Amino acid sequence: MQTSAPLPGSLFELIVNRQPAQTVTSVSPPTFKSLVSSLIGLLVERQIPAFVWAKLPRNEIWQEELQRYSQIPDLSQVIYSLKSSSEEDASEEGQETSAATRANLADKSNHADSNITYLRIPGANTLRREYLLFIWSKEIQVAVVARRIRLRRGVMDSSSVADMESIAGDPTIEESSDKKQVLDLLTVFGADAVRNLLNDLQRLLLPTIPAKSTTSDDELATLASRLDTWNAQINTIAPEPIQPLLLSTLLARHLHQQDENSQRATLYRKQAEQAEFLQVQNEELMNAVRFKDDFLSNIGQELRTPLTTIKTALTLLSSPSLRPPQRQRYMDLIAKECDRQSSLITSILELVQINQAAKAASIEPLRLSEIVPGVVSTYQPLAEEKGVMLAYTIPEELPAIASVNAWVKQIVIHLLHNGIKFTPRGGQVWVRARHQDPDSVQLEIRDTGIGIPGNEVPKIFERFYRVRQTSAEDSGGAGLGLTIVQQLLIHCGGSINVKSRPGEGSIFTVSLPVYKSSASG
């Protein structure tokens, strides 16, 4: 008899080394679970008495099929469930609920009518990171051996066992896990091949039992006793070649199981997407509530400021010793603050009405050459009074834009008002339009005003924000003009860009979408 080399602690490695041609397949835990369920489900469906050896994760999801098979009455089935001490310890570190599962399984194993014998493997490295399912019956003889692949960093952490247990219960966990679990899988059919693997398994387990074991150690004694009787037990069943019909049934069960897993994964994925969508909606709602709270708070502060100034001026006006020049100065201050109050209220109403009007607004084709000249002519007297040159160049051949007439007018009005307001006497304001992008028309408002500091440019579209560097003639606006412009552009699919240098002026470039009729696609 030829002397065999010492067997490694891995049954998987032993098979690969002995049969290099054996196909190794990489699978996910749900796929391995599906194969295990299909094989044991076949025994249940056909009421096949068999000897079963299993080393599976301890989670009940993995054990329920064995439990179901063990509870079939009058079947003469024998089941050995192997457990590795080292992996149980690792699982306890990575999964808090393992204690309850362990207690549940232990309780089931103590039932007198249970056909499952639980055997603990004393060795630290024997069958480590490996799972197996051997079935020996008259109708079918099969061995399935799987090995967990190490993580990319080359170190198996203690949570990987718990990950393996939980992933099979929810296929979507494996897809989203940062430590995606993969198994190498071997499947062997046929009486001779399975019998040889059972002998190999027996030889792997025997060296783990101490030479001097006492009967007081129930686990070691039970394992040693069971190993001695394995050959005698399997000899009580005369195996027959696997029938094609049985293989067809097994394949059909496995495909059905895979289809159920796929449908379950799709359902879980949709539920996860829906939950994520609802979470986003909730965050948007909370942001909207916070935004409204901040908006109302800012409105209160903005309304209070001019009222405080007016109240102070009125108090001073009641003084009997007030001189006429001082009286006139306070009257001018009151008028100025009243104008500011009126501008603020008008801007607030305009901003509030934008969202309401946007729901009923109808986008239409518009020509800038028919809108901009009228707005510029309205502001021409104001520019002349201030000593600012105001001009425009709007080519008539520009394509039509997609927007609302009133919105475009408001955009031009607010930008022109800002340009004239912050341009000193002798300065210039130009309005130009061009068509460089095939999908949009650019409307440019350029001024030679005081400009905007670079650190303030990102803030100018915020509600109630005012640039600190203002002209001496500036009476102070509501700080909502550019906010209104931005909101109007959002509703019509446009955008705005700003370039500015302090002391040189600013360029506001508005991009408006080109109108495309349904007929043109």
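The values are calculated or read from the model by the stated rules, or taken from the named source; none is laboratory data. Everything numeric here is computed off the predicted structure, so don't read it as measured data. Because the Cβ atoms are built from the backbone with ideal geometry, glycine has one as well, and the counts that use them run over all protein chains shown.
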Some residue of the range 414-426 being under 19 Å from residue 489 (Cα atoms), within 42 Å of the chain's Cα centre (by Cα) and among the aliphatic types (A, V, I, L, M): yes
Considering residues of the range 45-86 that are under 23 Å from residue 259 (Cα atoms), surrounded by fewer than 18 Cβ atoms within 10 Å (Cβ to Cβ) and modelled with pLDDT of 85 or more only, the residue nearest to the chain's Cα centre (by Cα): 64
Within the range 432-459, tally of residues that are in contact with a Pro (Cβ under 8 Å, 6 or more places away or on another chain), more than 13 Å from residue 415 (Cβ to Cβ) and assigned to a loop (DSSP other than H, G, I, E, B): 6
Any chance residue 318 is at pLDDT 75 or above, of a type in the set (S, T, N, Q) and out of contact with any helix residue (DSSP H, G or I) (no Cβ under 6 Å at 6 or more places or on another chain): yes
Candidate set: the range 226-261, residues that are among the hydroxyl-bearing types (Ser, Thr, Tyr) and in the same structural domain as residue 196 (by TED's automatic domain parsing); chosen: the one nearest to residue 53 (Cα to Cα): 229
Residue in the range 316-332 that is crowded, with 18+ Cβ neighbours inside 10 Å and outside the structural domain of residue 450 (by TED's automatic domain parsing) present: yes
Single match in 388, 404, 375 (criterion: farther than 28 Å from residue 450 by Cβ, among the hydrophobic types (A, V, I, L, M, F, W, C) and touching a residue at least 12 places away in the same chain (Cβ under 8 Å)): 404
Exclusive hit being modelled with pLDDT under 80, in the same structural domain as residue 71 (by TED's automatic domain parsing) and touching a helix residue (DSSP H, G or I) at 6+ places or on another chain (Cβ under 6 Å), set 124, 143: 124
Residue within the range 512-520 that is in contact with a helix residue (DSSP H, G or I) (Cβ under 9 Å, 6 or more places away or on another chain) and part of a helix (DSSP H, G or I) present: no
Qualifying position, being under 26 Å from residue 83 (Cβ atoms), crowded, with 17+ Cβ neighbours inside 10 Å, touching a strand residue (DSSP E or B) at 6+ places or on another chain (Cβ under 8 Å) and modelled with pLDDT under 85, among 227, 223: 223
Residues (surrounded by fewer than 16 Cβ atoms within 10 Å (Cβ to Cβ) and modelled with pLDDT of 75 or more) located in the range 146-161: 149
